[in-house]
Amino acid sequence: MTTETIAPKKAYATRSADAQGWYWGTGRRKTAVARVRVKAGNGEFMVNERPMEEFFVEDRDRKAILNVLDKTAQKGKINVRVTCSGGGFTGQAGAVIMGLGRALLCYDANLESMLREHGFLTRDAREVERKKPGQSGARRRFQFSKR
């Protein structure tokens, strides 16, 4: 019997900063995709070239995103730039949370246990179920008529 060693998955934290000093992370939620960049700074948070407060108008979305920075004690210490596309605002907020978690992991690998503990690195795999033929929706059938 031969024992094969399986190579461990390449850790996200092994990524280094780009030429401008930005650490990258990509997050996905439903159909939304967020590409997040972080670097040391004064706490500026821009989403699609606009301030986060202007882009995410729902208070719960902003709180959920800032929760990542609060839990990791990075609020006011780093600049964040986000490019979002697809989905709705809440889906985009979920994508930003995951992307921010991954970018922070590249920025400081010591944060991994805290990020995992709070679920900031976990991909929510739930997607919209497709509509089936012969039905009015994914699960809903057309109204049944006996006669």
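The values are calculated or read from the model by the stated rules, or taken from the named source; none is laboratory data. Being a predicted model, the structure only gives us computed values, none of them experimental. Methodologically, a virtual Cβ is constructed for each residue, glycine included, from the backbone with ideal geometry; neighbour enumeration extends over all protein chains shown.
Do you know which of the residues in segment 91-114 that are farther than 21 Å from D18 by Cα and at pLDDT below 95 is surrounded by the fewest Cβ atoms within 10 Å (Cβ to Cβ)? Residue satisfying both the conditions and the ranking: S113. Looking across segment 69-85 at every residue that is touching a residue at least 12 places away in the same chain (Cβ under 8 Å) and in a helix (DSSP H, G or I), the one that is nearest to the chain's Cα centre (by Cα) is identified as L69. Quick one: is A17 touching a helix residue (DSSP H, G or I) at 6+ places or on another chain (Cβ under 9 Å) and modelled with pLDDT under 95? Yes, satisfied. Scanning segment 40-60 for residues being surrounded by fewer than 21 Cβ atoms within 10 Å (Cβ to Cβ), at pLDDT 95 or above and in a strand (DSSP E or B) gives a total of 3.
Taken together, the criteria exclude Q143 from residues that are touching a residue at least 24 places away in the same chain (Cβ under 8 Å) and either of a type outside the set (A, V, I, L, M, F, W, C) or on the phi > 0 side of the Ramachandran plot (or both).
Set side by side, the residues L66, L111 differ, and just one is free of Cβ contacts under 8 Å to residues at least 40 places away in the same chain, under 26 Å from A40 (Cα atoms) and out of contact with any helix residue (DSSP H, G or I) (no Cβ under 7 Å at 6 or more places or on another chain), which is L66.
Scanning segment 106-147 for residues that are assigned to a loop (DSSP other than H, G, I, E, B) and closer than 30 Å to V80 by Cβ returns D108, H118, G119, F120, L121, T122, R123, D124, A125, R126, E127, V128.
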